[in-house]
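To keep things clear, I will list the structure first and then write my remarks on it.
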Amino acid sequence: MNRNEIAGAAARERGRSRVRSLTAASGLAGVAAAGAVAFVLPGATHHTTTSNSGKNSSSSPSPSPSPSASTGTNSSTNNSSGFSTGNSPSSSSGSSSATSGGSSAN
Amino acid sequence: MNTAQTHAAASWLALGTEVRLVVTEGSRLDDARRLLQADLAEVDAACSRFRADAELRALPRDGRPATVSPLLAEAIGVALRAARLTDGDVDPTIGGALEAAGYDRDFVTIAPQRRAVIPREIPGWRSVRLDGRTLTMPPGTKLDLGATAKAWAADRSAARIADQTGVGVLVSLGGDIAVAGPAPAEGWKIRVQDIAGHPEDDPEGPYAIVSIRDGGLATSSVTARRWRRGGDILHHILDPRTGLPAAAVWRTVSVAAGTCADANAASTAAIIRGVAAPSWLAAHHLAARLVDTKGLVLTVAGWPA
């Protein structure tokens, strides 16, 4: 490899590194396809699409449900990995007492 | 008695975010609020990364051991536990990397900067030793307890308020929610969404309403706390392995667990783990709801579909 080829390879690697950094840093758009892939991963029990009304427009069993998926009925116990688990949440409706989302800044 | 008829709630700002307190007996709201305000003032004085007089800011940077207060020791212990449970996804030694990314002051005061981020090496949680109240860190290490302190504070205060007032209580710190004491008949109804807000306001984006009776529920989202740096849009959830914001496979992940601290650790780790998150959450029996960047929703391990 001559000097020009080495310089070219280094430039291409710098370019790839920059692309990787931007992919990590620039948020949502560049990796949208990866989310779709996740819908067939083991561990999924259901997949749904949700409208802004909060109602599921479709719901069907995953093609590959995880055999280890728990119903989560233990009340505040530590599982084998050390995480504490409580009762699973249940579906509800109507007025809520609070919201849970990413922490807003005030 | 229908407890729903006697609920009372209060909201205010603390720890750089919105606090919401709900009790099942309106007559105990004032007592509960006083307890929570006192607790949060203590936590802020010990754990804030932005207050010049905070105990966290006074920790030695030269590698010398330091004796910390019982409260800060507890907070650091919770952070190290989260790191252990998540195999380092949630790492309290990212303080320096967060500063390098521009998150070096109260979030609302961050201004766009033209300089690109230069990732900073992260010391790693395994390099931190906490022996009782004696803390030892590698020189230059800056701790960030932001990922765990609010959730732990919610657990701590909910339990204390329930114990001292005898009523059911919900504490939400920026959407990190802990409940304690007798739950309402219908459970505590919580709306999960991208960014925490007032329950009376309509949410933006996908949402769901669930009910919990104990433990905690936390949501992590890359749609919250974003800023511009060097032409890039950054968010606050850093991948400790790169020192950069985690790649956005999921825009929002909500997890229910036995404590809010564990729920928060898992939801944050899920954002960082990306496509591997659903199987990881299921393997740990953590009920979760994941929303991908297109708004599609995936539920695992008993979270209602």
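All of the numbers you see were taken from the coordinates with simple rules; none came from a lab. What you are looking at is a predicted structure, and each value in this text was computed from that prediction instead of being measured. All Cβ positions, even for glycine, are placed from backbone atoms using ideal geometry, and neighbour counts span all protein chains on display.
Some points to look at:
- For B:A265, net neighbour charge (Lys/Arg +1, Asp/Glu -1) across residues whose Cβ lies under 13 Å away: -2
- Acute angle (nearest 10 degrees) that the helix B:260-273 long axis makes with the longest principal axis of chain B, alpha-carbon atoms: 50
- Packing, taken as the mean count of other beta carbons within 10 Å per residue, orders the peptides B:193-201, A:82-90, B:249-257 from highest to lowest as B:249-257, A:82-90, B:193-201.
- Structure-based [θ]222 nm, chain B - -39500 (n - 2.57) summed over DSSP H runs of at least 4, per residue, nearest 500: -8500 deg cm²/dmol
- Extension gain, B:A38 to B:R61: 0.36 nm times the residue separation minus the Cα-Cα distance gives 5.3 nm.
- Degrees separating the helix B:149-165 axis from the principal Cα axis of chain B, which is the longest one: 30
- When only alpha carbons are used to place a centre, the stretch B:142-157 and the stretch B:207-224 end up 16 Å from one another.
- Length added when fully stretched, B:D31-B:A9, from 0.36 nm per residue minus Cα-Cα: 6.7 nm
- Global form of chain B, assessed from the alpha-carbon gyration tensor, a/c cut-off 1.5: oblate
- In nm, spacing of pseudo-spin labels at B:F50 and A:S95 (7 Å Cα→C-beta vector): 3.2
- Cα-projected label distance for B:S127 with B:E99, points at 7 Å along beta-carbon direction, nm: 1.4
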